[in-house]
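Here, each number is a calculation from the coordinates, and none is a lab measurement. All figures in this text were calculated on a predicted structure; none of them were measured in a lab. Cβ coordinates were reconstructed from backbone atoms using ideal geometry, including for glycine residues, and neighbour counts include every protein chain displayed.
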Amino acid sequence: MLPFVNSETQRRIAALMEVLGVYVAGGVVTNQLVRLLGISFRNPLENLTVDITGRELITASGHLFVLLLFQYAGYFFLIIPINWWYRRRGPADYGLTRAGRSWAMLLRSGLGTAALSEWMVLGVGLVNAIHPSETVPWRQAFFEMSWRRWEFWLFSSVMSWALIPVLEELFFRGYCQRRLAEDWGDGPAIIATACLFTFAHAQYQIPNVYNAGMILGLLLSAIGFGVVFAWTRSLIPAMLAHAVFDIPTTPRSQSLLVAALVVGALFSWRQAVAIIGQVFRNGSGVTHSILAVFSAGYAVAAARVRSLEYLAIGLLVFAVAFEALDRRQNGIPTARLP
């Protein structure tokens, strides 16, 4: 153990370093896997245009599908062996379980989460559909192209509402939040992961009112995803809620959806307050604030500073070293979460 910190503090440091290390080092692993296999990738979003043909959309869907699988494979190439070695964690620990709850309860939890946490991001999107603001070129092209062809819905399913909710929730809530919660508690883990998730969406970092609203909306949504995962211990509700706001909608249908979410929130808020109080019973306001600022800053830097890869690898190495010391003293630790 480190001579100047107690074992609990050291485990917290190790958990944070592991998560931040994996967040960037996973990309390094992906690049090495691609080079090893001799695969050449081009991000199809870079070539997305309003007049893209159906055939080109099919090709772009395939390329994006493979690109996303490799991206998240890079994360879990690191996550799975480290977590099995340190915590003996299996699929259920990542949220791939119903956690003893009924499908009906998980469905209600997902829809309730959507109602309570996604009205803002959908409302901001609705305002932008009526009065467009500057955004990244691929998003502009996506919303302006024709939606009346099945190729568009194939592409959107890969880019947003079908694949992305599964991959992002598995990584951010199933790994990042769960790993931090083991040593920091649910409340701090939810806030840190929500900030990491929100600012990982670099497409919203253009300074204007729309993007500021989207960042706030994403943050609220991410906290909602984190709360429902901490409460149910299943990723199913979070994946469902995540998919709801990723489905492309016209201004008219989006207006109806926002209205439905507001009505749903009115019926759900009392139970939500009780659940939030239960989930956030640990962790001080200072701890939440420090983790929030640190995680958000790290995510922004990761998108802009190439040399952060070296820092991430170092963080991961030190995290594993601290965890090895913990194992030597205490044996194989058991997660404190139910």
Between the modelled labels at L107 and N208 (7 Å from Cα along Cα→Cβ) the distance in nm is 4.0
Taking just the alpha carbons, could you work out the radius of gyration and Dmax for the range 7-330, both in angstroms? 19.8, 62
Cβ-based exposure ranking for V28, V19, V262, in which fewest neighbours within 10 Å come first: V262, V28, V19
With helices defined as uninterrupted DSSP H runs, which ones in the chain have an alpha carbon span along their own long axis of at least 20 Å and mean Kyte-Doolittle hydropathy of at least 0.0? 7-37, 54-87, 103-117, 186-200, 209-232, 251-279, 285-304, 308-330
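Taking the range 54-153, which chymotrypsin sites (Phe, Trp or Tyr not before Pro) meet the DSSP loop condition and have no more than 15 other C-beta atoms within 10 Å? Working shown, then result.
On the way: sites: F65, F70, Y72, Y75, F76, F77, W84, W85, Y86, Y94, W103, W119, W138, F142, F143, W147, W150, F152, W153; in loops: W147.
Here the sparse-neighbourhood loop sites are W147.
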Taking max minus min of the Cα coordinates of the range 15-106 on each principal axis, largest first, gives extents in Å of 48, 40, 23
If a/c stays under 1.5 just call it rounded; otherwise compare a/b with b/c (prolate if a/b is bigger, oblate if not). Do that for the range 98-159, with a ≥ b ≥ c from the square roots of the Cα gyration tensor eigenvalues. oblate
May I ask for the distance between the Cα centers of the range 68-116 and the range 258-330, given as a whole number of Å? 16
Farthest toward positive dipole pole in the chain [+1 Lys/Arg, -1 Asp/Glu at C-beta], among V286, G226, Q10: Q10
Residues V263 and V293, FRET efficiency given R0 of 45 Å [Cβ-Cβ distance, rounded to 0.05]: 0.80
Fully extended, how many nm does the chain gain between I130 and L96 (0.36 nm per residue separation, minus their Cα-Cα distance)? 8.4 nm
Full extension from R139 to N6: what is 0.36 nm times the residue separation minus their Cα-Cα distance, to one decimal in nm? 43.1 nm
Do any trypsin sites (Lys or Arg not before Pro) in the range 256-338 lie in a DSSP loop with no more than 13 other beta carbon atoms within 10 Å, and if so, which? R281, R306, R336
